[in-house]
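To start, the structure under review is shown below, and the notes come after it.
Each reported figure results from applying straightforward, stated rules to the coordinates on display, with no laboratory input. Note that this is a predicted model, so its numbers are computed, not measured. So basically every Cβ, Gly included, is an ideal-geometry build from the backbone, and we count neighbours across all protein chains shown.
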Amino acid sequence: MVLPQASELSWQESETAVGKQKKRGGPGAPANAVLFLPPVYPIFDEQLSLFNVYTCMTILIIAILCACVIYFFFRNKRFRGATKHEKLPDELKIILNTQVQYYQKLNKNDKERFENQVNDFLKYIRIEGVGTTVTDIDRVLIASSGVIPIFGFPGWKYNNLTNIILYPDTFDQEFQFEGENRNIMGMVGSGYMNGQMLLSRAALLKGFSSSLGRGNAAIHEFVHLLDKSDGETDGVPENLLPHQYTVPWLKMMHQEMHLIEAGKSDIDPYACTSEAEFLAVAAEYFFKKPDQLKHKHPEIYRSLSQIFGQDPALPASTPVN
Ligand SMILES: [Zn+2]
């Protein structure tokens, strides 16, 4: 004898119940049908619906929480990625500490910012030697020359420069670094040499020697690039100098040129070559001997401070804008 399975009974009861349920209250429905119907199935349906609603809500809440966690994780990762800098190797930091006076005068935070910018510079600008091997000192001094003029403009990069060619000494118009009549210490390429800068190592090293004059040939060339960033190398970096200061700056420049020509100024006579050269030569002085320039030429110092967004004569130089 095979006993009926509980599930079979249930199924039969279920069929009956459903059938009766459908008939409940219907025309001709037997009165006792209602009596035998336990209110199990409607309640079960309600419970099932409630269960589904709670399940869906729970899944939805978990999904929202997961989405939030993922969003904040990636946002923070992106944020850290944007601000985190690879540290400048210690051996290069030592060169900054011993050979770059501008860096030595910075406060702790600015020193770190400077190191980061030097590191970035060395990553996006290629430096090659012609007739010489580029050393770490060369690389750090070139990068410093590039960072110094733009230190007042966080995030600024030399988009008009891709590589720098270092010659062992001064060179001539034919790029010969041996023989007579070599007087070029640096130049910014144009035409087919667009995006390139040529520098003399001898001039580079001299520029960072505090005992050797007020000049810095490498800074000079980077200032030409800054000047050029508005489209013209004309001594008036219009994207850096507010429009109302343009005319006073040109007037001041021309007055000083007359004084230089008359032998009444300590600014290098090469500044009289053009307005562009005046800006570059005055900038060398501004960054190499800021206290002296501020003392001897306070108005020129103030204009350059506006142009470069820096006040290097202060004990701890910080951007002024
Ligand atoms: Zn020049």
| Residues HIS258, HIS224, HIS243 arranged by fewest to most Cβ contacts within 10 Å | HIS243, HIS258, HIS224
| task | Pull out the extension gain between THR246 and ASN97, defined as 0.36 nm times the separation in residues minus the alpha carbon to alpha carbon distance; nm, one decimal. | result | 50.0 nm
| query | What FRET efficiency, computed as 1/(1 + (r/R0)^6) with R0 = 30 Å and r the Cβ-Cβ distance, is obtained for GLU299 and ALA202, rounded to the nearest 0.05? | reply | 0.35
| said: Need the full-extension length gain, GLN104 to MET57, defined as separation in residues times 0.36 nm minus the C-alpha distance. One decimal, nm. | reply: 10.8 nm
| Summed residue charge, Cβ within 15 Å of THR170's Cβ, Lys/Arg positive, Asp/Glu negative | -3
| Exactly which chymotrypsin sites (Phe, Trp or Tyr not before Pro) in segment 143-213 are in a DSSP loop and have at most 16 other Cβ atoms within 10 Å? | TRP156, PHE175
| message | With the cut-off at 1.5 for a/c, could you classify segment 166-294 from its C-alpha gyration tensor as rounded, prolate or oblate? | response | oblate
| field | Span from the segment 124-165 Cα centroid across to the segment 168-217 one, whole angstrom | value | 14
| said: What does the net charge come to around ASP230 if you take all other residues with beta carbon closer than 15 Å to its beta carbon, with K and R at +1 and D and E at -1? | reply: -4
